[in-house]
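Please treat every number below as a calculation from the coordinates, not as lab data. If you're wondering where the values come from, they're calculated on a predicted model, not measured in any experiment.
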Amino acid sequence: MTRNILIVDRSVPPSGRWCEAFPDGRVVEAESRPTLMAGDIVWLPAGYPAWEALVAGIRAQQPDCGVVVLSSSPTTEEALTALEAGARGYCHSFAVPTLLREIAQVVAIGGLWVGPELLSRFVGAIRRQLPESSEPLESILSARELEVARAVAAGRSNKEVAAQLGITERTVKAHLGSVFEKLQVRDRLQLTLRLAGRVTSGVAD
């Protein structure tokens, strides 16, 4: 069962809308070091001191835990920072309860949420950071690397990719590292955008 946990600063009361969205949710202070479980969704205000490090720390403690960053003034730059730190969601602090619940549903199944308007700006910013290349992916990656890259870009975890391709997770990680290096991307998000719109003829879906 998914647990929604809101990290708060002791001097700032929790959002009424968040509490309405998740009446069974937990409100805790970061200093209390709550024990996290796989499947938990942690909501963290961007105004919290050193929130980027806290996001990374939560993901390191429990990789299967989703983190959503709440911002009172959302920006493309802050969204990039949040996602690069390991967050799976980024939204306005005053989002309505129905939207907060929708975000939780998306993150719970391994999806990514940044909102449609911000997503458009966000994708444009990421694309400008990626190296230009007209060289076909088939000439850059091996057939197996391309299979791994496409599976990861489709949102599958290393474990799911391993099961799909009949290889070990260790092998998936090795192929993924090679893919990152060859395509000059830093993470799964950049890989997904690098592959977006590219047609490959050598590997079927």
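Quick look at the values:
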| read-out | value |
| --- | --- |
| Chain lengthening between R33 and R101 when straightened (0.36 nm per residue, less Cα-Cα) | 22.0 nm |
| Sequence-distant residues sharing a close amide H with L6 (under 5 Å, placed H) | R26, V27, V28, W43 |
| Sorted largest first, extent of the range 131-195 alpha carbons per principal axis (Å) | 32, 21, 16 |
| Karplus-derived HN-Hα couplings along the range 22-36 (A = 6.51, B = -1.76, C = 1.60, θ = phi - 60°), whole Hz, x at Gly and Pro | 10, x, 9, x, 9, 10, 9, 9, 4, 5, 6, 6, x, 6, 9 |
